[in-house]
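Structure below; questions to follow.
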Amino acid sequence: MIPKTASCFVILEIEYLKKFYSVVGWIIHTCICKNNINIVICIVGNFIKMYSTNLCYQTTGYHFNIADYTDCILQFRESVKDVLEPEHDDHYLLRWLRARNFDLKKSEDMLRKHLIWRKEEDIDNILRQKTPDVIENYYPGGHCGFDKDGSPVWIDPIGNIDPKGLLRSAKKKDVIYKEIKNAEYVQQLMKLQTKKLGKRVDQIIIIYDLENFGMKHLWKPGMDTVVKFLEMFEDNYPEALKIAFIINAPRFFPVVYKLIRPILSEDTVNKIRIFGTNYKSELLKCIDADQLPVYWGGSLTDKDGDPKCSSKITLGGEIPKEYYLKIASEEMENFTTVNVKRGSSLQVDVDVKTAGSCIRWQFTTEGYDLGFGVYKKTKDEKQHAGKMIPVVHSERVDSHLVPEDGSVAVKEAGAYVVRFDNTYSYIRSKTISYLIEVLEPEVEEVNAHTYDKTNAKGDKSDLCIDSTLDVGEGDPETKGADGQSTDM
């Protein structure tokens, strides 16, 4: 259900185009009559360039008065009133409606999934969470200023990122969390700008600088991380993008664009502007020079004269190998190493005797990724993954690059399963080394649920291994092509 104002905008735009082409037609006619073909080409070329450039900036952002959407917003508000907070005003609701072309059902589904995501990932507190030093120091990007309308401008020199070094020094989840923190930081900037300027500011200009971008950036685990973030951004920050400038695009950029294009909505695609090296004048049409670093065509510098404003923008760079993560050899003595056959899974039964206990894990794989999840059994017998209750949803992790570790608190005592999933791999077995422990509440020492054959009392361990249970049946989250390490 698209408001009538949208069709009115289209009509006005058509009328504007008619007037524009009428003027161009008159000039062409006059010049042709006088045999000035070169003048025709020159004038038409400049008119088209001028119009397309101005339209590029003027047609981004919201086009309509929110009052024109009153009926649609009221219906939407009524359908989601059970999950709305006081700060969820009409502008907020309009974002979700626009993202789904004013389809009330699809907009509602999208918003509800977003609010569940925020709760599960504790997004409201993410800005308070500590980011690993290697990400803070080497993950490129930063806020430099505001455009002529007051929208934040973010510069992301992604050509300087070291994808292999980054994913060998930090977990993929930590990298994605950094992007979420950036997005939430920008949301706070927008709120401050809205209050300061007395008008709604809820979109951002992003400048992606591909200088130094090379084939190493097409490394599969790195591209998988990019895709994961883009999916997250599209699903949870609709209509937040004003314009995305891609500058210094290399000749092979179409290859990169082909990989990410299926993830992007048509609305996002229409906001992308791609340039080679002649981009500076285009940026200045949207951004005043004092809000843009000298290096990218403006006049802004750091106090020490740095033209890249590295105090505001992390520039990236090659990550020193001392940041690379690995499990100490003495720790590995307590690990169990198992080969998970192709098309199968490895399940570890965990007996949690006290409610509120934590299940803690560490593991690493050789050469390839692996699916990982934690489940609670519903019956006192062997069960397929689909019959159990997910505690940590199954997800493929790059444990061949960075050792995985984590924990989850369980509310109830009972039988749990830690599951390593290789059912999606039809040709490769995976070698995994792991350690799983159960930590009881208010007790510092680890409960003696280890992988030793016997515990301190000589009894058998409460953990057992079944590597054949789910052969041929994988989780939807981990289905797909084998996540092998592909070096380019």
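How many of the residues making up the stretch 365-386 are polar (S, T, N, Q) and over 12 Å from residue 349 (Cα atoms)?
Kept after step one, since they are polar (S, T, N, Q), are these residues of the stretch 365-386: 365, 378, 383.
From what is left, the residues that are over 12 Å from residue 349 (Cα atoms) are 365, 378.
Adding up the residues that qualify gives 2.
Follow-up question, since we're still on this one. Would you mind stating whether residue 169 is of a type in the set (S, T, N, Q), surrounded by 19 or more Cβ atoms within 10 Å (Cβ to Cβ), assigned to a helix (DSSP H, G or I) and out of contact with any strand residue (DSSP E or B) (no Cβ under 8 Å at 6 or more places or on another chain)?
no
Another question, then. Across the stretch 164-217, what is the total count of residues that are among the basic types (Lys, Arg) and closer than 20 Å to residue 313 by Cβ?
Here the count works out to 2.
Something else now. Scan 155, 135 and give me the residue that is surrounded by 19 or more Cβ atoms within 10 Å (Cβ to Cβ), in contact with a Gly (Cβ under 9 Å, 6 or more places away or on another chain) and not in a loop (DSSP other than H, G, I, E, B).
Testing whether each residue is surrounded by 19 or more Cβ atoms within 10 Å (Cβ to Cβ), in contact with a Gly (Cβ under 9 Å, 6 or more places away or on another chain) and not in a loop (DSSP other than H, G, I, E, B) leaves just 155.
Which ones in the stretch 247-269 are without any contact (Cβ under 8 Å) to a residue 24 or more places away in the chain, open to solvent by 50 Å² or more (accessible area, probe 1.4 Å) and within 27 Å of residue 99 (Cβ to Cβ)?
254, 257, 258, 261, 262, 266
With the requirement that a residue be open to solvent by 60 Å² or more (accessible area, probe 1.4 Å) and touching a residue at least 60 places away in the same chain (Cβ under 8 Å), what does the stretch 212-223 give you?
215, 216, 220, listed by residue number.
Are any residues in the stretch 270-294 out of contact with any helix residue (DSSP H, G or I) (no Cβ under 7 Å at 6 or more places or on another chain), free of Cβ contacts under 8 Å to residues at least 60 places away in the same chain and either open to solvent by less than 70 Å² (accessible area, probe 1.4 Å) or not assigned by the TED database to the domain that holds residue 157 (or both), and if so, which ones?
Of everything in the stretch 270-294, those that are out of contact with any helix residue (DSSP H, G or I) (no Cβ under 7 Å at 6 or more places or on another chain), free of Cβ contacts under 8 Å to residues at least 60 places away in the same chain and either open to solvent by less than 70 Å² (accessible area, probe 1.4 Å) or not assigned by the TED database to the domain that holds residue 157 (or both) turn out to be 272, 276, 279, 284, 289, 294.
May I ask you to list the residues in the stretch 202-231 that are at pLDDT below 95, closer than 27 Å to residue 95 by Cα and either of a type outside the set (D, E, K, R) or part of a strand (DSSP E or B) (or both)?
225, 226, 227, 229, 230 - these are the residues of the stretch 202-231 that are at pLDDT below 95, closer than 27 Å to residue 95 by Cα and either of a type outside the set (D, E, K, R) or part of a strand (DSSP E or B) (or both).
Restricting to the stretch 254-276, name every residue that is of a type in the set (S, T, N, Q) and either assigned to a helix (DSSP H, G or I) or at pLDDT 95 or above (or both).
Answer for the stretch 254-276, where residues must be of a type in the set (S, T, N, Q) and either assigned to a helix (DSSP H, G or I) or at pLDDT 95 or above (or both): just 268.
Can you pull out every residue in the stretch 321-348 that is open to solvent by less than 40 Å² (accessible area, probe 1.4 Å) and touching a residue at least 60 places away in the same chain (Cβ under 8 Å)?
327, 335, 336, 338, 340, 343, 344, 345, 346, 347, 348
The values are calculated or read from the model by the stated rules, or taken from the named source; none is laboratory data. What you see is a predicted model; the values in this text were computed from it and never measured. Using ideal geometry, Cβ is built from the backbone for each residue, glycine included, and neighbour counts are taken over all protein chains shown. To get the accessible areas, we keep the full protein, side chains included, count just its heavy atoms, and leave off ligands, DNA and RNA. Shrake-Rupley method; radii C 1.70, N 1.55, O 1.52, S 1.80 Å.
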